[in-house]
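The values are calculated or read from the model by the stated rules, or taken from the named source; none is laboratory data. Note that the structure is predicted; figures quoted are calculated from it, not measured. No Cβ is skipped: glycine too gets one built from the backbone with ideal geometry, and neighbour counts run over all protein chains shown. Each accessible area value is taken on the protein alone, full model and side chains, heavy atoms only, with ligands, DNA and RNA left out. Shrake-Rupley method; radii C 1.70, N 1.55, O 1.52, S 1.80 Å.
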There are 2 protein chains.
Amino acid sequence: MENIFTDEYFMRKALFEAETAFEKGEIPVGAIVVIDNKIIARNHNLTELLNDVTAHAEMQSITSAANYLGGKYLKDCTLYVTLEPCQMCAGALYWSQISKIVYGASDESRGYVKMGTQLHPKTKVVSGVLEKECALLMRVFFRAKR
Amino acid sequence: MENIFTDEYFMRKALFEAETAFEKGEIPVGAIVVIDNKIIARNHNLTELLNDVTAHAEMQSITSAANYLGGKYLKDCTLYVTLEPCQMCAGALYWSQISKIVYGASDESRGYVKMGTQLHPKTKVVSGVLEKECALLMRVFFRAKR
């Protein structure tokens, strides 16, 4: 049987969240957490609405997923996020010991790769999934802000 | 007139928070945020109670202080925290553009200095305030866990 649950499939769900953020005037980043092909967290950036720099999509998703699981470690979970995580989010993902991170667009200036933030040794990373769509949304958002 | 509002004075308040965490069986880290000698946030680590790796004392304090100020940047604020911030918290402090961070004990293994996390260029750092007391609390906590 063919499998519909690909990384692209789930990244499309994260992108849907990012679009919702865009519509609200929030920096358009979306994230979901998946375990056994089931989505257990869906979030988008809410830093403007909440006046809170910690309200990144990933942070909210880590909290939501842990809440769903009833435990703080995200073993066997995958985070799909439209933008490469920042230092804060990568640091939180480190503590969560999440199994896999899939991100869309790279963040050459503030992303964890450039900043040298360490992920947990248990965490696998896949990058560039739906990269163009994820990056386009960011570009259009920041162009409109200027 | 003599000034009672020294870094030690405020670190003692953060230590009080850390002791409350200790009494609850949480990793004993406390944090407060001060602006114009006024404490606008008091928090301690709640990762066990909330089952949430993001519930570090600093993260909660950033959110509380922003809430008090009605804006997300912690300009003219000082964070007092009993333990050197981790990657996640240092990353959050970066976004907050906080003016000053004062910490007590160093964290040689998971602290932001060792991990190479970048703070905001506007942020000044003072370390080692009430270091012995802050470190003792951690040591006793982890010794009891073994």
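A few comments on the model shown:
- Computed over the protein assembly as shown, the per-residue total of -39500 (n - 2.57) for DSSP H runs of n ≥ 4 gives a 222 nm mean residue ellipticity of -13000 deg cm²/dmol, rounded to 500.
- Accessible surface, per residue, of chain A when the full set of protein chains is kept, probe 1.4 Å, Å²: 49
- Whole-Hz Karplus values for the range B:112-124 come out as 5, 5, 4, 6, x, 6, 8, 8, 5, x, 6, 8, 8 Hz, taken residue by residue from phi with 6.51 cos²θ - 1.76 cosθ + 1.60 and θ = phi - 60°; glycine and proline positions read x.
- Within the listed set A:ARG42, A:ARG110, A:ARG12, the residue fluctuating most in the Gaussian network model of chain A (springs between alpha-carbon atoms under 10 angstrom) is A:ARG110.
- Members of A:LYS24/A:LYS114; B:LYS24/B:LYS145; A:LYS24/B:LYS72; A:LYS38/A:LYS100; B:LYS38/B:LYS122 lying beyond 19 Å, as alpha-carbon distances in this model show: A:LYS24/A:LYS114; B:LYS38/B:LYS122
- Among beta bridges from DSSP that stay inside chain B, the antiparallel ones total about 55%.
- Exam field: B:LEU136 pseudo-label spacings to other copies (7 Å along Cα-Cβ), nanometres: 6.2
- Cα long-axis angle, helix A:57-69 against chain A (0 to 90 degrees, to the nearest 10): 30
- The share of accessible area on chain B that comes from carbon and sulfur is 51 percent, using a 1.4 angstrom probe.
- 1.4 Å probe, heavy atoms, protein only - residues of the range A:31-69 losing at least 30 Å² accessible area vs chain alone: A:ASN51, A:ASP52, A:VAL53, A:THR54, A:MET59, A:THR63
- Under 5 Å from the amide H of A:HIS120 lie the amide H atoms of A:TYR94, each residue being 5 or more positions distant or on a separate chain, with H modelled from the backbone and absent for Pro and chain starts.
- Over chain B, relative contact order from alpha-carbon pairs under 8 Å, at least 6 apart, %: 21
- Shielding of A:70-80 by partner chains, average beta-carbon count, 10 Å: 1
- 0 to 90° range, to nearest 10: angle between helix B:131-145 axis and chain B longest Cα axis: 40
- Between the amide H of B:ALA41 and those of B:VAL33, distances stay under 5 Å, these residues lying 5 or more places away or on another chain, with hydrogens modeled in the peptide plane.
- Local electrostatic count at B:MET115 - Lys and Arg +1, Asp and Glu -1, tallied over other residues with Cβ under 11 Å: -1
- Exceeding the 32 Å Cα-Cα cut-off - candidates A:LYS13/A:LYS75; A:LYS124/B:LYS75; A:LYS132/B:LYS124: A:LYS124/B:LYS75; A:LYS132/B:LYS124
- For B:ASP107, residues with placed amide H under 5 Å, excluding near neighbours: B:GLU84
- Total accessible surface hidden between B and A, rounded to 100 Å², 1.4 Å probe: 2500
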